[in-house]
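To keep things clear, I will list the structure first and then write my remarks on it.
Nothing in this text is a laboratory measurement; each read-out follows from the coordinates by a stated rule. Predicted model, so just to flag it, every value in this text is computed and none were measured. Backbone-built Cβ (ideal geometry, glycine too); neighbour counts: all protein chains shown.
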Amino acid sequence: MSKNDTSPENGTPATLRPRTRMVHVGTLRTGFDETCEAIFMTSGYVYGSAEEAEAAFATDGLRYVYSRFRNPTVAMFEDRLAAYEGAQRCFATGSGMAAVFAALMCQLKAGDRIVAPRALFGSCLHIVKNLAPQYGIETTLVDGTRAEEWRDALSRPANVVFLETPSNPMLDIVDLGLVCELAHAAGARVVVDNVFATPVLQRPLEFGADIVVYSATKHIDGQGRCLGGAILCDDKFAETLAPFLRHTGPALSPFNAWLLLKGLETMDLRVAAQTDAAQRIAEFLDGHPRIARTLYPGLKSHPQYELAQRQMGGGSTLVAFDVAGGKAEAFRLMNGLRIVKISNNLGDSKSLITHPATSTHQKLSDEDKAAVGISPASIRLSVGLEDAADLIEDLDQALARA
Ligand SMILES: *Cc1c(COP(=O)(O)O)cnc(C)c1O
């Protein structure tokens, strides 16, 4: 391996199709000529001489000097994901929340303002609603599905717009093109948490977003094995972000980077299969006598179906629905499932089901739950890699007993 090789492509032509590139881009081969990417479990690197160490620090970034800054296995993951997303740069982090926190806080200071939808992943909401104000940063929350609320919130200067689409857990869609235009006119950068859509189904950068963040724990690993995160951006933003990461240290373990790197090789295939299954399951649930409503961006009945069609390549791997009745019926359905497992995680090869009101969103007041569409009957299903027919039969038998 050339230790000076900082090219993100490493000889893999950008003209190749994404599926091909995800198997090869970023590979750094050592002198042992291994087929599979190596795991570099090392915190530091040695120098042949004091002069070499001096030169390494002088030409910052050209050599590996410490794994909090850079590591070859982590670099392979970053280069491969950057190539898929079409971003100039990718920075890996130890979890999705570390990515969200760094992407926001590296650029904000006291007196700045964030605009974000109310419908956000729980910890993301905690950062913008509770932590940011502690640092003197103002936060304005909007209903992310309403253009007039975005227009109003962005009619005065702002610094960051942070959003998630589809949102957790009720799969609201935010109009990326519109919000990016309004945000830029207000002087704000747009940070998109693209976890629910995945890079397979949605490319926020193409709609004008400035920064994309991932919990790689979800579909990028896709097999429920480890935590990880990533921030994708351009070279200019990297100048602000890189020192923040280097000095605050949310670094990804090389071992986890290797799992995520191998996850990228199959992500496209997995997400496509899971999305096909989710579409079939949503169609089965929609109109089922024991289901009060089904929310899936790939169903014509979704309130923002047209918008989802415009900005997403599929309805996603998640389905939200309300059972007829309330909490008791929702619990009976979940307890009656044989294949689908009860878990608050998502994006796994195993189908997982959760009751947001009593798990992921338990801490929200009843009023706040209602504001984002979570009722005692609401359920979020993350569709895995099982055969869709088996999942539908499992839901059908559990619904019969709910
Ligand atoms: C899971 C998740 C996160 C947090 O990621 P972790 O890897 O658990 O830290 C952030 N945003 C969304 C939308 C998520 O689903």
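Rank by packing, highest mean first: peptides 137-147, 351-361, 163-173, 257-267, with packing defined as the count of other Cβ atoms within 10 Å averaged across residues.
Numbers: 137-147: 18.0, 351-361: 20.9, 163-173: 25.8, 257-267: 22.8.
Result, highest mean Cβ count within 10 Å first: 163-173, 257-267, 351-361, 137-147.
Please give the net charge around Leu104, taking every other residue with its beta carbon less than 11 angstrom from that of Leu104, where Lys and Arg add +1 and Asp and Glu add -1. Please list the in-between numbers first.
On the way: positive: Arg189; negative: Asp112, Asp193.
Value of the local net charge: -1.
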Sorted on mean Cβ neighbours within 10 Å (highest first), peptides 241-252, 109-120 come out as 109-120, 241-252
By the mean-Cβ-within-10 Å protection proxy, highest first, 97-103, 344-350, 306-312 rank as 97-103, 344-350, 306-312
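By its C-alpha gyration tensor, with a ≥ b ≥ c as the square roots of the eigenvalues, how is the range 3-263 shaped: rounded for a/c under 1.5, else prolate for a/b larger than b/c, else oblate? Numbers along the way, then the final one.
Values: a/c = 2.12, a/b = 1.64, b/c = 1.30.
Prolate.
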